[in-house]
Amino acid sequence: MPWFGLGVFKVEEGAELVEAIKAAIKHGYRSIDTAAIYENEAGVGQGIREALSGGESGLTRDELFITSKVWNADLGYEQTLAAFETSLGKLGLEYLDLYLIHWPVAGKYKEAWRALEALYKQGRVKAIGVSNFQIHHLKDLMETAEFKPMVNQVELHPLLTQQELHSFTKEQGIQLEAWSPLMQGQLFEHPVLRQIAARHGKSVAQAILRWNLQRGVVTIPKSTKEHRIIENANVFDFELTSDDMEQIEALNENRRVGPDPDNFDF
């Protein structure tokens, strides 16, 4: 699983999405994250096909890491299997690299997990995981699971550092992945982050993404603009100091931009 990828939440179907996928792959991204509820799997698939066609990229499908997620309305054994086939069809792929349960809907995620385990054993998915699961959800799931979730994708950024969850997933061998790592652009003027970024000659976005990587957290920033796609990935040529890391950790306010996984109604 690549440490860095492109998220496409709230990117509508159309030329902008297709070009963003192509630009990301052109500039070294190998991981693309989508979901059934984003209603853009077909565009993601088209972007992948166009990026790989003609051999210009020199890449093959197996060098990419494609993630999608089953939506809440489709949780259940048979429903989840059917939802997977729908997503795969829209993407135009023969398999997924990672398939996630999008939200921990009470009373439904265990049957959905059984379906993911079946897909994993059949080789239709290379890895299976969850999204937005808290520690108690993970513990509950693992009581009856044949396989532990391999990934837990959650909202994570400097104002929501998820320290306790991070520690738990590390202990359990579950890879933590950050969605909304830049807090939807709300952190770009933060004075502490600006100071840290300036010391390294980097943007605030680059400093935040580097912080994720140094914590061992996979990150998938969203962008459709080519220059931002390039900038976001330019995070492998510097290192934050331990003092930088501590300063960012200290910014935590447990503040979310998305729903609370223990209190959502969709």
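Modelled spin labels at LYS170 and GLU143, positioned 7 Å past Cα toward Cβ, are 2.8 nm from each other. Here the Karplus relation 6.51 cos²θ - 1.76 cosθ + 1.60, evaluated at θ = phi - 60°, turns the backbone of the range 173-185 into coupling constants of x, 9, 7, 7, 10, 9, 9, 6, x, 9, 6, 6, x Hz, with x for every Gly and Pro. Between the alpha-carbon centers of the range 12-42 and the range 73-112, tell me the distance in whole angstrom. Comparing the Cα centres of the range 12-42 and the range 73-112, I get a distance of 19 Å.
Could you tell me which of the pairs LYS108/LYS170; LYS110/LYS170; LYS10/LYS108; LYS10/LYS202; LYS22/LYS139 are separated by over 31 angstrom between their Cα atoms in the structure shown? It would help to have the intermediate numbers written out before the result.
Values: LYS108/LYS170 25 Å; LYS110/LYS170 22 Å; LYS10/LYS108 25 Å; LYS10/LYS202 27 Å; LYS22/LYS139 39 Å.
Among LYS108/LYS170; LYS110/LYS170; LYS10/LYS108; LYS10/LYS202; LYS22/LYS139, the Cα-Cα distance tops 31 Å for LYS22/LYS139.
The gain in end-to-end length when the GLN163 to GLU19 segment is fully stretched comes to 48.3 nm, 0.36 nm per residue minus the alpha carbon separation. Within the listed set ILE48, ILE220, ILE174, the residue fluctuating most in the Gaussian network model of the chain (springs between alpha-carbon atoms under 10 angstrom) is ILE174. Ordered from highest to lowest accessible area with the whole protein assembly present and a 1.4 Å probe, LYS90, LYS202 read as LYS90, LYS202.
Kindly state, to the nearest 0.05, the FRET efficiency for GLU85 paired with ARG228, given R0 = 35 Å and r defined as their beta-carbon distance. The pair GLU85/ARG228 has a calculated efficiency of 0.55. Note on the chain: with a GNM built from Cα contacts shorter than 10 Å, the maximum mean-square fluctuation among SER131, SER68, SER57 falls on SER57. Placing R0 at 25 angstrom, the Cβ-Cβ distance between GLU56 and GLN184 gives a FRET efficiency of 0.15 after rounding to 0.05. Spin-label model, TYR77 to GLU246: label points 7 Å out along the Cα-to-beta-carbon direction sit 5.3 nm apart. Between the amide H of TRP179 and those of VAL154, GLU155, LEU156, distances stay under 5 Å, these residues lying 5 or more places away or on another chain, with hydrogens modeled in the peptide plane. Counting only aspartates and glutamates at least 8 places from LYS222 when in the same chain, those with an alpha carbon closer than 16 Å to its own are GLU12, GLU13, GLU16, GLU19, ASP33, GLU39, GLU41, GLU155, GLU177, GLU231.
Could you calculate the contour length gain from ARG49 to GLU94, that is, 0.36 nm times the residue separation minus the distance between their Cα atoms, to one decimal place in nm?
Taking 0.36 nm per residue and subtracting the Cα distance, the gain is 14.9 nm.
The equivalent ellipsoid that matches the C-alpha gyration tensor of the range 20-139 spans semi-axes of 27, 13, 13 angstrom, in descending order. Using equal-weight Cα scatterers in the Debye expression, the normalised intensity of the chain in log10 at q = 0.09, 0.13, 0.17 Å⁻¹ is -0.39, -0.84, -1.38. Among beta bridges identified by DSSP and lying wholly in the chain, the antiparallel ones come to about 10 percent. Each Cα pair under 8 Å and six or more residues apart adds its sequence gap; the mean of these over the residue count of the range 132-256 is a relative contact order of 28 percent.
The values are calculated or read from the model by the stated rules, or taken from the named source; none is laboratory data. Source: prediction; values computed, not measured. Every residue, glycine among them, receives a Cβ derived from its backbone with ideal geometry; neighbour counts consider all protein chains shown. We work out accessible area using only protein heavy atoms, side chains counted, and drop any ligands, DNA or RNA first. Shrake-Rupley method; radii C 1.70, N 1.55, O 1.52, S 1.80 Å.
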